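The structure appears below as structure tokens.
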Amino acid sequence: MGYQKPKGTLDILPSESGVWLYVEDTIRRQAELAGFKLIRFPTFEATELFNRGVGGTTDIVQKEMYTFIDKDGSSLTLRPEGTACVARSVLENGLYAGAMPLKLYYLSNFFRRERPQAGRSREFWQFGVELFGSAGAEADASVILLANNVFRAFGLQNIKLKINSIGCPNCRPAYREALKKHFERNQDELCQTCKDRLDTNPLRILDCKSPVCKNIAKGAPRTIDFLCDDCKAHFDKLKTLLDDCGVSYEIDTNIVRGLDYYTKTVFEFINESIGAQSTVCGGGRYDGLIEELGGQPLPGVGFGMGITRLIQSLKDENLVPEIDSSATVYIAPLGEAAARKAFVLAENLREKGVAAETDLCARSLKAQMKYADKTGAKFVLVLGDNEINEGKAVLQNMRTGEKIQIDLSLERIMNTVCL
């Protein structure tokens, strides 16, 4: 066998690409209804952007980034997530000086060297949104509602929202200390990664996937019991807004998210029916990120939604629509003169917005009919010397088998196949 795709990557084949386009188009409509505008950013960035923006103690930075040294000696990294990329672009391009709040969204692929499994790959696609310039719970509710509206637009029923607050730099130190004391009592049982986290970032232990660490975390202090007055008011306002909009949610104090830049609100939308990797969307508030990257304080909140897991959720609930990308009409020529006529006629139909194909392999009529049938063409127009001379041809409806004779005018063909 020849070359194979790298481990943990996907081929999105023509049989699947129609579903991806449907999903992406639906997402774009919902994002733009909420006032978000598309942003694109480079596939690779300076490694230091992620060291500072994502956090040096995270698994992403420590274990999962694809980093390489460029010919000029600089260190570059394939983007492992989108928020730091957007924040860098906001700073570099002065978007912070424009109208606020700044609402941005992206549909991009990202790269992490993780252990491939169902719902998790080394190259993956995300829909992400970032909202800058509003410190209020209204902004948090807005991005949560956008994600919820995406799921509603697809008709998904099995998605559940979980929310939490992890506090701010004012109240987190007390919680961090209480958390550290809890885990120190069970230090010998923690995995090596979590033992290392005890001094650097004990909050991350709550996010560990080890069954032993998860069990120890069950009895850990709760973030919401240590919130300062400001964080508590923020969280209460968020809950009120979600209640007012009729959005159901569950408070899950084990949600901390895996990135260092989060503050206050964190949330996840999960679908347990798709397996162990059940988080379809996750996000939260990151008020200190822009400042960490060298800018003036600018509050932000956003999320990332996994496209592969979203599509799997649609499949599980039988919500994937029939995607028909086959040609409307296939023109089957007989002979060289007919082939030239068919080639031009097919192009004329495309110019008018009708999907059309014709033979490119000098095949027999029988072979062309087989091809048209396999590709799902709705109509076949057989074109030979007699048809050209008479200006008429037989058009066959491939769904019903009905054959009708029509004039070889562009308008007549269009009127017939577009009924």
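Quick notes
- Report summary: the helix-based calculation at 222 nm, which adds -39500 (n - 2.57) for every DSSP H run with n ≥ 4 and divides by the residues of the chain, gives -11000 deg cm²/dmol.
- Counting 0.36 nm for each residue step from Gln296 to Ala367 and taking away their Cα separation leaves a gain of 18.9 nm.
- Beta-bridge orientation, the range 329-417: approximately 55 percent antiparallel, per DSSP, counting only bridges with both partners inside.
- Cysteines in the chain that lack a partner Cβ within the 4.7 Å cut-off: Cys85, Cys168, Cys191, Cys194, Cys231, Cys245, Cys281, Cys361, Cys418.
- Neighbour-count ranking [beta-carbon atoms within 10 angstrom, fewest first] of Asp230, Asp359, Asp324: Asp324, Asp230, Asp359
- Total charge dipole magnitude, the range 329-417, about the Cα centre, Cβ charges on Lys, Arg, Asp, Glu only, Debye to nearest 20: 320 debye
- log₁₀ of I(q)/I(0) at q = 0.10, 0.16 Å⁻¹ - the range 329-417, Debye sum with one point per alpha carbon: -0.20, -0.54
- Relative compactness, the range 256-342, computed as alpha-carbon Rg over 2.2 N^0.38 Å: 2.03
- Rounded to 5, the percent of DSSP beta bridges in the chain classed as antiparallel: 80 percent
- If you plug the beta carbon distance of Val344 and Leu319 into 1/(1 + (r/R0)^6) with R0 = 56 Å, you get a FRET efficiency near 0.85.
- The Cβ shell under 13 Å around Val23 holds other residues with a net charge of +1, Lys and Arg each +1, Asp and Glu each -1.
- Spacing of the two label points (7 Å from each Cα toward its C-beta) at Thr26 and Asn170, in nm: 4.2 nm
- Per residue convex hull volume, Cα atoms of the chain, in Å³: 203 Å³
- Straight-distance crosslink candidates among lysines, where the alpha carbon sits under 22 Å from Lys403 and sequence neighbours closer than 8 are dropped: Lys341, Lys366, Lys370, Lys374, Lys378, Lys392
- Rounded to the nearest 20 debye, dipole of the chain from Cβ charges on Lys, Arg, Asp, Glu: 700 debye
- Under the criterion of Cα pairs below 8 Å and six or more residues apart, the relative contact order for the range 329-417 equals 31 percent.
- Listed by Cβ neighbour count within 10 Å, with the fewest neighbours leading, Asp72, Asp373, Asp229 appear as Asp72, Asp229, Asp373.
- Over 23 Å (Cα to Cα) - which of Lys162/Lys218; Lys37/Lys315; Lys160/Lys209; Lys180/Lys239; Lys181/Lys237; Lys103/Lys237 fall in this group: Lys37/Lys315; Lys180/Lys239; Lys181/Lys237
- Charge context of Asn348, other residues only, Cβ under 14 angstrom, K/R +1, D/E -1: +1
- Think of each Lys and Arg Cβ as +1 and each Asp and Glu Cβ as -1; about the Cα centre, that makes the dipole of the range 55-200 roughly 360 debye.
- The range 150-295 pair-distance distribution - Cα-Cα, 5 Å bins, rounded %: 2, 9, 17, 20, 19, 16, 11, 5, 2, 0
- Computed on the chain, with alpha-carbon pairs under 8 angstrom and 6+ residues apart, the relative contact order is 15 percent.
All of the numbers you see were taken from the coordinates with simple rules; none came from a lab. All figures in this text were calculated on a predicted structure; none of them were measured in a lab. Here Cβ is always computed from backbone atoms with ideal geometry, including for glycine, and neighbour counts include all displayed protein chains.
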